[in-house]
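The values are calculated or read from the model by the stated rules, or taken from the named source; none is laboratory data. Just so you know, these numbers come straight off a predicted model, no measurement behind them. Positions of Cβ are backbone-derived with ideal geometry, glycine not excepted, and every protein chain shown enters the neighbour counts. With ligands, DNA and RNA removed, areas are computed over all heavy atoms of the protein, side chains included. Shrake-Rupley method; radii C 1.70, N 1.55, O 1.52, S 1.80 Å.
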Amino acid sequence: LNFSLDAETRQQILAERPKVLAAFTSSVPAQMTEGEFWSKYCSFLYRRYVRRRQEAAGRPAKATSARELELAEEDARNEALFRGAGEADLQRERRGML
């Protein structure tokens, strides 16, 4: 999956989501590049969306391969980094606004 966020969109996310801004400020450039940050953020939102859709359909996501286990571990780390950051997007998506 490829994500592309232009500078205006990135600035809007940071302005509207204080938790993302806090994560950005604490992580870039000390722990990762700006590109790595946005890649992690978009991947985090996408995988969380997929996981919640599976759970809603009665199919809880289970890691069955080494790659899936690796992604689950990455999701756990990103959950700590972005804790609650994507909730507004998920709520809008549920209401059909995204």
Which of the chymotrypsin sites (Phe, Trp or Tyr not before Pro) across region 1-55 are loop residues per DSSP, with 11 or fewer other Cβ within 10 Å?
-> Phe3
Theoretical gain in end-to-end length, Ser4 to Ala76 [0.36 nm per residue, Cα-Cα removed] = 23.6 nm
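Once you have the Cα-Cα distance between Ser39 and Arg83, take 0.36 nm times their residue separation minus that, and quote the gain in nm to one decimal. Don't skip to the answer; put the middle values down first.
Working: separation 44, 0.36 × 44 = 15.84 nm, distance 1.61 nm.
Length gained, Ser39 through Arg83: 14.2 nm.
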Could you do me a favour and compute the accessible area per residue for region 1-71, 1.4 Å probe, result in Å²?
-> 70
Using modelled backbone amide H atoms (1.01 Å from N, in-plane), which distant-in-sequence or interchain residues come within less than 5 Å of Arg17's amide H?
-> none
In Å², nearest 10: area of Lys40 left accessible to a 1.4 Å probe = 60
